[in-house]
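Before any comments, here is the structure.
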Amino acid sequence: MCPDLSPSEVNFSTDLPTSPAALMERLTALEIPFTLYEHKAVFTVEESQEIDGLIPGCHTRNLFIRDKKGTMFLVTLRHDTRVDLNKLSALLGCGRVSFGSPDRLWTYLGVRPGSVTPFAIVNDVGRDVTLVLEEGMMQEDIVNYHPLVNTMTIGLTPDKLLEFFSKINVVPRIIDLSAAAPD
């Protein structure tokens, strides 16, 4: 788990359990090539559309969800993939899901709302969160994610993303989310 601070007590620019610089140093040390883009802070897919045109590749979003038993998932998908949460919970094989709170997001993934990224799994030291990657997203040439803060974006190939997860002993579930599409 991350430091025992509530989000209201945290200076998110300095108190992150893993800084963007540390993440990028780790990627570099593991010989995972990436391209870094710096930009204004974006908190939603809608806000990011302005910068998306300047950054090549697949743009993404993340759903931090949990079921009533407390099982947590970080689902990363293309920004335009629509999902019905009830269908998604069935696809994941869990009970009804809801979005995780900002406190839970901080406790388990060490990021704040608007900066959620599959890279946050580096902060899940207890392996309490299941990482789920959309199969269609993983077939793109380049995928883009925040490096733990929403003022930057990292672009890399899906195979290099999987190589990174393998090197940190994380095994994501890669799922075709088409069955979770709304009616």
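The values are calculated or read from the model by the stated rules, or taken from the named source; none is laboratory data. Everything numeric in this text was worked out from a predicted model, so none of it was measured. Note: ideal-geometry Cβ built from the backbone for every residue, glycine included; neighbour counts use all protein chains shown.
Numbers at a glance
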item: Enumeration of residues in the range 27-74 that are free of Cβ contacts under 8 Å to residues at least 60 places away in the same chain, out of contact with any His (no Cβ under 6 Å at 6 or more places or on another chain) and more than 22 Å from residue 108 (Cβ to Cβ); result: 28, 29, 31, 46, 47, 48, 49, 50, 53, 54
item: Hey, residue 118 surrounded by 22 or more Cβ atoms within 10 Å (Cβ to Cβ), under 23 Å from residue 168 (Cβ atoms) and either touching a helix residue (DSSP H, G or I) at 6+ places or on another chain (Cβ under 6 Å) or among the aromatic types (Phe, Trp, Tyr) (or both) or not; result: no
item: Candidates 107, 153 - the one that is of a type in the set (S, T, N, Q), over 13 Å from residue 77 (Cβ atoms) and in a helix (DSSP H, G or I); result: 107
item: Cross-chain or 6+ apart pairs with Cβ under 7 Å, the range 75-102 first and surrounded by fewer than 17 Cβ atoms within 10 Å (Cβ to Cβ), then modelled with pLDDT of 95 or more and of a type in the set (Phe, Trp, Tyr); result: 99/64
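Residues are listed down the side, and each one gets a yes or a no for (1) under 20 Å from residue 22 (Cα atoms); (2) in a helix (DSSP H, G or I); (3) touching a Leu at 6+ places or on another chain (Cβ under 6 Å):
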| site | (1), (2), (3) |
| --- | --- |
| 86 | no, yes, no |
| 91 | no, yes, no |
| 95 | no, no, no |
| 103 | no, yes, no |
| 122 | yes, yes, no |
| 126 | yes, no, no |
| 131 | no, no, yes |
| 141 | no, no, no |
| 147 | yes, no, yes |
